[in-house]
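Quick notes on the structure that follows.
The values are calculated or read from the model by the stated rules, or taken from the named source; none is laboratory data. As the structure is a prediction and not an experimental result, all values here were calculated from the model. Please note: Cβ atoms are built from the backbone with ideal geometry, for glycine as well, and neighbour counts cover all protein chains shown. Accessible surface areas use protein heavy atoms only, side chains included; no ligands, DNA or RNA. Shrake-Rupley method; radii C 1.70, N 1.55, O 1.52, S 1.80 Å.
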Amino acid sequence: QRGDTVAIVMPTVPEFTDVFFGVIHLGAIPVPLYPPVRLGRLDEYHARTAAMLNTAKARVLVTDDRAGKLMGTTVAAAKAPIRIVRAASLLRSEPAPAVTTRPQDIAMVQFSSGTTGEPKPVALTHAQVLANASVILDIEPEDDDFSPSGVTWLPLYHDMGLIGCIFPALLYPASLTLIPPEAFLAKPAIWLRALSRYRGVISPAPNFAYALCTERITDDEITGVDLSGWRFALNGAEATSPDTMRAFIERFSAYGLRESALTPVYGLSEAALAVSFGDPGTDFVSERFSREGLTAGRGEPAEDGMELASVGRALRGFAIEVRKDGAVLEPGLIGHIWVKGPSVMEGYLDGRPAPREGDWLDTGDLGFLHQDELYITGRAKDVLVVHGRNHDPHTLESAVDPLPGVRTGCSAAVSHLSDHGEHVLIFVETRAPTPSDMSDQIIDSIRAATAVTVDEVILLKPGTLPRTSSGKIRRAATLTHWLQGTLSPPETMGATRLLGAVAKSTLSEWRSRGVSRD
């Protein structure tokens, strides 16, 4: 019925959009949720997804035959009368009459990533979603020969894939090629081959994807690939590394990649998606800042300092301020990043208070303005305080990435109060072969890059670190699990265990009250 929330748990398939817009057609509210992709973490998946179903007060869960095999257990964990329906059965049914919606009606709910806590249900109106899709299209150049086309492997339950790719393509309109995320992760070259084959002009991705391509793609895999048409390689959703972007440009410039294509961007779920972009069509901007200054809350240019990439200027209709203790700070001073604009949410679906003051929203991110451009220094809740100085955990984590045996982008720096004061730990996922002195190398590398001495290094097996649905590492959860003795690698999911999980889910689904057996 009108106003009901409908959870959508589906992979990247054409039917996802049929279901999403079908829900809106009825005046109901779609809530895209991530499918169970980390099979070795099923218990965690069921618990987190059940919590989101309860928070969103979902009446129905629409899924496909693949993900649906495990949804019965999730719904049972939610302990709510949620009906499970297969998308195929809906697509065979007769069309229902459309419900007229208003710009101020809720169009969709997207959960925040939950890197520093539990995901929150961000309620976005039709006007807010359309406003953000519209400002993203400002990237379109005024060339007479410009023919827009997009390529994306980003999951459709994530704002960068849905609001950043699907909606602008429909609004423009333009062609959009979709790649299942699991296909990209298994063989990153498929992304570049698709960009070449379909003459992709726009394709966004998080920073780790550019690093993954640089590390894993061989020349044999991209023979004949032409990337000259790729004009906007947007880099967002996580910390942006100048080194990663330069390495990507150097690796693929021989295949026609433009240096000006790499464009750092910034956004967040609570603003629908995009807030600021680097200048399209120009080389990305970076600057070195004094390490001592950064730890003291100042962005002071220094030739031998830490290099940060600018995430550009506010998009049309948006404004950015940096505040501390309620006061707007001068350029160069680090504080909380506040934003306002046409797509900033009014509140969360469950009624919890939004971090707003009037039209302004506290993003929870820290950063500063320099030469009218925004630089991000980290999440406020993740900041490490060492001897009275603030440190961004990402700077410690990025210092270990180049070391042999370290899985790039798979480390978490945290601190907690011990009997001996503030205790700094670094959790690092490794791959074979692992050097015998790896812990010493990690400590030395971090000390050289940040002047911080790590108290303890914890080496982990691949896949151990807790992650959000969008793949971001949950630092607070990592520390909590470690302190509780529950930080462990994923279970091996063989055929027997998988069949058992499917059987348990099927039984739960049949037992659930009001469940459709389509």
Hits in the range 295-314 - residues which are open to solvent by 20 Å² or more (accessible area, probe 1.4 Å), assigned to a loop (DSSP other than H, G, I, E, B) and either in contact with a Ser or Thr (Cβ under 6 Å, 6 or more places away or on another chain) or of a type in the set (D, E, K, R) (or both)
GLU300, ALA302, GLU303, ASP304
Quick count over the range 434-443, residues being farther than 19 Å from GLU422 by Cα, modelled with pLDDT of 90 or more and out of contact with any helix residue (DSSP H, G or I) (no Cβ under 9 Å at 6 or more places or on another chain), is 2
Report, by residue number, each residue of the range 321-354 that is surrounded by fewer than 20 Cβ atoms within 10 Å (Cβ to Cβ), in contact (Cβ under 8 Å) with a residue 60 or more places away in the chain and touching a Phe, Trp or Tyr at 6+ places or on another chain (Cβ under 9 Å).
PRO342, ALA354
Considering only residues that are open to solvent by 10 Å² or more (accessible area, probe 1.4 Å), among the aromatic types (Phe, Trp, Tyr) and either in contact with a Pro (Cβ under 9 Å, 6 or more places away or on another chain) or within 24 Å of ARG199 (Cα to Cα) (or both), which ones fall in the range 250-274?
TYR255
Quick count over the range 85-109, residues being surrounded by 12 or more Cβ atoms within 10 Å (Cβ to Cβ), basic (Lys, Arg) and under 23 Å from ALA272 (Cβ atoms), is 0
What number of residues within the range 13-45 are crowded, with 22+ Cβ neighbours inside 10 Å and of a type in the set (Ser, Thr, Tyr)?
1
Please work out if LEU227 is touching a Phe, Trp or Tyr at 6+ places or on another chain (Cβ under 6 Å) and more than 25 Å from VAL406 (Cα to Cα).
yes
Output the qualifying pairs, or none if there are none: Cβ atoms under 6 angstrom, residues six or more apart or on different chains, first residue in the range 438-456 and loosely packed, with under 14 Cβ neighbours inside 10 Å, second residue assigned to a helix (DSSP H, G or I).
THR453/ARG447
Within the range 233-249, take every residue that is out of contact with any Pro (no Cβ under 7 Å at 6 or more places or on another chain) and part of a loop (DSSP other than H, G, I, E, B) and give me the one that is least open to solvent (accessible area, probe 1.4 Å).
SER241
The residue that is modelled with the lowest pLDDT, considering only those in the range 126-156 that are open to solvent by 30 Å² or more (accessible area, probe 1.4 Å) and of a type in the set (Gly, Ala, Ser), is SER147
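Can you name the residue in the range 204-229 that is among the β-branched types (Val, Ile, Thr) and in a loop (DSSP other than H, G, I, E, B) and, of all such residues, is most open to solvent (accessible area, probe 1.4 Å)?
Here is the first cut: in the range 204-229, the residues among the β-branched types (Val, Ile, Thr) are 214, 217-218, 222-223, 225.
Imposing the further condition that a residue be in a loop (DSSP other than H, G, I, E, B) reduces the set to 217-218, 223, 225.
On the way: ILE217: 8, THR218: 68, THR223: 111, VAL225: 18 Å².
Per the stated criteria, the residue is THR223.
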Among the numbered criteria (1) farther than 30 Å from SER290 by Cα; (2) open to solvent by 50 Å² or more (accessible area, probe 1.4 Å); (3) at pLDDT below 85, which one does LYS472 miss?
(1)
Among the residues of the range 46-61, is there at least one that is open to solvent by 30 Å² or more (accessible area, probe 1.4 Å), β-branched (Val, Ile, Thr), assigned to a helix (DSSP H, G or I) and in contact (Cβ under 8 Å) with a residue 12 or more places away in the chain?
yes
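Could you go through the range 176-187 and let me know if any residue there is among the polar types (S, T, N, Q) and more than 26 Å from GLU15 (Cβ to Cβ). Working first, answer last.
From the range 176-187, those among the polar types (S, T, N, Q) are 177; that's our starting set.
Now restrict to residues that are more than 26 Å from GLU15 (Cβ to Cβ): none.
There is no residue in the range 176-187 that is among the polar types (S, T, N, Q) and more than 26 Å from GLU15 (Cβ to Cβ).
Conditions tested, residue by residue: (1) assigned to a strand (DSSP E or B); (2) over 19 Å from ARG323 (Cβ atoms); (3) at pLDDT 85 or above.
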position	(1), (2), (3)
GLY364	yes, no, yes
ASN390	yes, no, no
HIS394	no, yes, no
ARG407	yes, yes, yes
HIS416	yes, yes, no
